1. Taking neighbour counts of Cβ atoms within 10 Å as a proxy for exposure, in what order, fewest first, do 16, 169 appear?
2. So what is the diffusion coefficient of region 34-94 in µm² per second by Stokes-Einstein at 20 °C and 1.002 mPa s, using a Kirkwood Rh over Cα pairs?
3. In region 114-236, how does Rg compare with the Kirkwood Rh, expressed as the Rg/Rh ratio over alpha carbon atoms?
4. Let me spell out the model: positive unit charges on the Cβ of Lys and Arg, negative unit charges on the Cβ of Asp and Glu, origin at the Cα centre of region 2-209. What dipole size does that give, in debye rounded to 20?
5. Once the mean 1/r over all distinct Cα pairs of the chain is inverted, what Kirkwood radius in angstroms do you read off?
6. Note down the nm distance, to one decimal, between modelled labels 7 Å out along Cα→Cβ at residue 137 and at residue 61.
7. Give me 69, 87 sorted ascending by neighbouring Cβ count inside 10 Å, so fewest comes first.
8. Filter the GluC sites (Glu not before Pro) in region 45-145 to those in DSSP coil with at most 10 other Cβ atoms within 10 Å of their Cβ, and list the result.
Amino acid sequence: MKINIVLITYNHARYIHQTLESILMQKTPCEVEIIVADDCSTDNTVDIIKEYETKSPFTFTYLHKTHNVGYNKNYQQAFAACTGNYVAIMEGDDYWTTPNHIESHVSFLENNSGYSMSFNRHIRLFEDQEREEIFEWMGADDYEPVTTPQLAMGNRIGNLSCCVFRGSIIQEINPKLFSMEIADWMLGMYMGQFSPLAYLKEVTSAYRIHDNGQWSRMTEREQALRTIELINEYDKYFNYKYTAYFTKHKKRLEILLYGDKSLKGRMKNMMPPFIKNIYRKIKNKSY
């Protein structure tokens, strides 16, 4: 069995040591190929990666670029290079916290064929605020099924470094996806077209949130407005199959943006716990 680890980097020299240490500590009997998708970093990110390659039992494959291609295209090229049974994601400023991160995902997916991907609970590190949080586990079991309609009402994934995908789906991914802003939310909804996603209880990764982040540097108003724009794009992509669910999400955002305070309070009280977590992200500028 083969696993691809897609390592997405751009000027991550400050973080990449910890990222690579967390990859190299993984314990798995599977063949592992690391797809290094660096988007023409101007720092020494790639040099550091090559240093770690010399002491790694894993294979490294570098996707060479002559110019910066951007977030979406970088992912598209990385996914196209994957040939494994499973595809794990690692973004260059995140890290895995346990040596069984990959193995726990692969074991679950091997034993539960009715799921297209899995994603784990993770530590959210607010670097500029020097604090962290982990979402409370609400279920009675060690995992929870998540569907595309549920995701359409709000992103429950939160970041790509906690995700493992079935390689067969990634290898046939619709190229139209990369004309939009994809990230974890859209990829999760796309994977849900094939079968549900599994949300795993175990905390095995950490997600850094800092002012250099593409999303976290926005104001909370900008984040909400951009989310509404994405909802419209995604709704169209899915041929309006999930309009009712997207509309609920959009209405909540519009109330938070424009509604009166009493209505905002009532809406927040009506939200299920996972939606409250989403709006806590907006408040913390880290959606």
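Nothing in this text is a laboratory measurement; each read-out follows from the coordinates by a stated rule. Because the structure is predicted, anything quoted here is derived from the model rather than measured. Because the Cβ atoms are built from the backbone with ideal geometry, glycine has one as well, and the counts that use them run over all protein chains shown.
1. Ranked by crowding around the Cβ, least crowded first: 169, 16.
2. The estimated diffusion coefficient comes to 171 µm²/s.
3. Across region 114-236, the Cα-based Rg/Rh ratio is 0.96.
4. Value, rounded to 20: 480 debye.
5. About 19.5 Å for the chain.
6. 3.5
7. Final ranking by Cβ density, sparse to dense: 69, 87.
8. 130, 136
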